[in-house]
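Computed from the coordinates by the stated procedures, all read-outs in this text should not be read as laboratory data. Predicted, not measured: the structure shown is a model, and the values here were computed from it. No Cβ is skipped: glycine too gets one built from the backbone with ideal geometry, and neighbour counts run over all protein chains shown.
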Amino acid sequence: MARALSKMGYCSRSQAGALIEDKRVRVNGRIARDTEEPVRFPDDRIEVDGVRVVQKEVVYLVVNKPRGLVTTASDERGRTTIYSLLDPGAPWVSPVGRLDKASEGLLLLTNDSEWAARIADPRSHLDKIYHVQVNRIVDADLLARITEGCTVDSDRLRAKEARLLRYGDKNSWLEITLDEGKNRQIRRLLDALDVGVLRLVRVSIGPLNLGELSKGSVRPLTIQEKRALDRALVEGKAPKKTTGACR
């Protein structure tokens, strides 16, 4: 049942679960009590607070997330969320993957929950590129250690590629490519290598680039961009196996 409400673009699965627990959802006239109850489309009539739920138009949005916003629909600590960037009348959408509060850049939002799961799934190995400012001058040895990877808290962390973009007197900008989607992967990996992250900006997801979209702006994903992402999912490569520990 919760999955059905999410799939229809009404709300997230967690929000749907809360509605069901509050006995605000009915299926064919009876109160829904099981969040896992299967639903038959389009035969079953689903209502929330007495109003029938209909399939929403599928929406795909591209966002340039500013630093300081949390990637969630609501925050128990009252912090500003990415939903502050959307128009009040916009249809419900959810983030495709995450960018933590301190991170910036390219983020996708959609009400197509199955497509979102495919994009965010680590097994898709869809390349994601980040520009990362670090608190030291980076040499070839450190770049090699970033791609070699290491184990942190029983979690294998590595970058697919890492290269130096530019450097100053005390810091450097790196371009780091990931083909996995582990939680705070770059920050955890660099921290294990005793490297501090000053800024972290995601600039691409597969063939989709952030481009000239200004910070805090939102635009629809184009048909061509959607097709390119779908092709990239089909053509995803298998992960490379690596070994080694942080030095």
Additional length obtainable on full extension of the chain from Arg219 to Leu164, 0.36 nm per residue less Cα span: 16.8 nm
Say the cut-off is 30 Å between C-alpha atoms; which of Lys23/Lys65; Lys101/Lys226; Lys182/Lys215; Lys23/Lys101 go over it? Lys23/Lys65; Lys23/Lys101
Say R0 is 51 Å: what FRET efficiency, to the nearest 0.05, do Arg45 and Glu212 get from their beta-carbon distance? 0.65
Taking 2.2 N^0.38 Å as the expected size of a compact globular protein, what ratio does the Cα radius of gyration of the range 127-205 give against it, to two decimals? 0.99
Please give the length that would be gained between Ala144 and Ser14 if that part of the chain were fully extended, namely 0.36 nm times their separation in residues minus their C-alpha to C-alpha distance (nm, one decimal). 42.7 nm
Projected label distance in nm at Lys182 and Ala102, using a 7 Å step from Cα toward the beta-carbon: 1.9
So for the range 2-52, considering every pair of alpha-carbon atoms, how many percent are separated by more than 18 Å? 13
So how far, in whole Å, is the C-alpha centre of the range 102-127 from the one of the range 1-51? 25
Treating only the Cβ of Lys, Arg, Asp and Glu as charged (+1, +1, -1, -1), what charge dipole size does the range 2-52 show about its Cα centre? Round to the nearest 20 debye. 100
Compute the helix-to-body angle for 223-234: its Cα long axis versus the longest principal axis of the chain, expressed 0 to 90° and rounded to tens. 70
Among (i) 1.02; (ii) 0.98; (iii) 1.15, the value of Cα Rg over 2.2 N^0.38 Å computed for this structure carries the label (iii)
Determine the calculated [θ] at 222 nm for the chain from helices alone, applying -39500 (n - 2.57) to every DSSP H run no shorter than 4 residues and normalising by the residue count; nearest 500 deg cm²/dmol. -6000 deg cm²/dmol
